[in-house]
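Reviewing the structure listed below.
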Amino acid sequence: MHTLTRVVIVSTLAALLGGCGAVVVGGVATGAAVAHDRRTTGTVVEDKEITLRALDILRDHPDIAQRSNISITTYNLKVLLTGQAQNAEDVKRFATMVAELPRVEHVFNEVTIGAEATWGDAANDAYLTGRVKLALFDVKLKGFDPLRVKVTTSKGTVYLMGLVTRAEAEAVTDTVRYISGVEKVVRLFDYIVATD
């Protein structure tokens, strides 16, 4: 794919996934959620690029795509794979290819082997993700910004990613674990020393 096309796609995704407003990166607008994010603007763009490349791998390997329902979440150069697949070999092969992408530091393979999630499961996960994001605004901790926590839900398991302090991680986990419908909380945070 040409560099300009890829930049346009990454920028469009950033605008759609990042929120309102814009920050100029390489002459192209990207989402202004960077203002809330502890990642550098470059890392935010690289995360979106990694996700696009992982999606390209699925597209280029229809044998894996047809036997799985894998979701890809990238945060701070770490990739979370969730969803379901018919066999472990496909998942392992896909995870290995993703791990070999430029700049990927780690792959968290949380794909389960078994039947694909139903439409009802997917709707419930989306609803639960929304409830978790909303509940994070109730975390009472000085300097905490709920927009710094990336939330992914798969069959009732909530995965939390972000650059947070230990105190923030504890407060977030304590809030999320008591939300009705949350079956399990998995913390995949990168920890930082408090600066704000």
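The values are calculated or read from the model by the stated rules, or taken from the named source; none is laboratory data. Quick caveat: nothing in here was measured; it's all calculated off a predicted structure. Positions of Cβ are backbone-derived with ideal geometry, glycine not excepted, and every protein chain shown enters the neighbour counts.
Sort out which residues of segment 140-163 are touching a residue at least 40 places away in the same chain (Cβ under 8 Å) and closer than 13 Å to LEU188 by Cβ, and write them in order of number.
Residues satisfying the conditions are LYS150, THR152, SER154, THR157, TYR159, MET161, GLY162, LEU163.
How many residues are under 18 Å from TYR159 (Cα atoms) and of a type in the set (D, E, K, R) if we restrict to segment 111-143?
4
If you go through segment 86-126 one residue at a time, how many are assigned to a helix (DSSP H, G or I), small (Gly, Ala, Ser) and loosely packed, with under 12 Cβ neighbours inside 10 Å?
Selection size over segment 86-126: 3.
Within segment 128-146, how many residues are of a type outside the set (A, V, I, L, M) and under 16 Å from the mean Cα position of the chain (by Cα)?
Counting residues in segment 128-146 that are of a type outside the set (A, V, I, L, M) and under 16 Å from the mean Cα position of the chain (by Cα) gives 4.
Could you list, ordered by first residue, the pairs with Cβ atoms under 8 Å in which the first is in segment 124-139 and assigned by TED's automatic domain parsing to the domain that holds THR157 and the second is surrounded by 16 or more Cβ atoms within 10 Å (Cβ to Cβ) and among the small types (Gly, Ala, Ser), at least 6 apart or interchain?
Close Cβ pairs (under 8 Å, with a partner that is surrounded by 16 or more Cβ atoms within 10 Å (Cβ to Cβ) and among the small types (Gly, Ala, Ser)) amount to ASP125/ALA117; ASP125/SER154; VAL139/ALA171.
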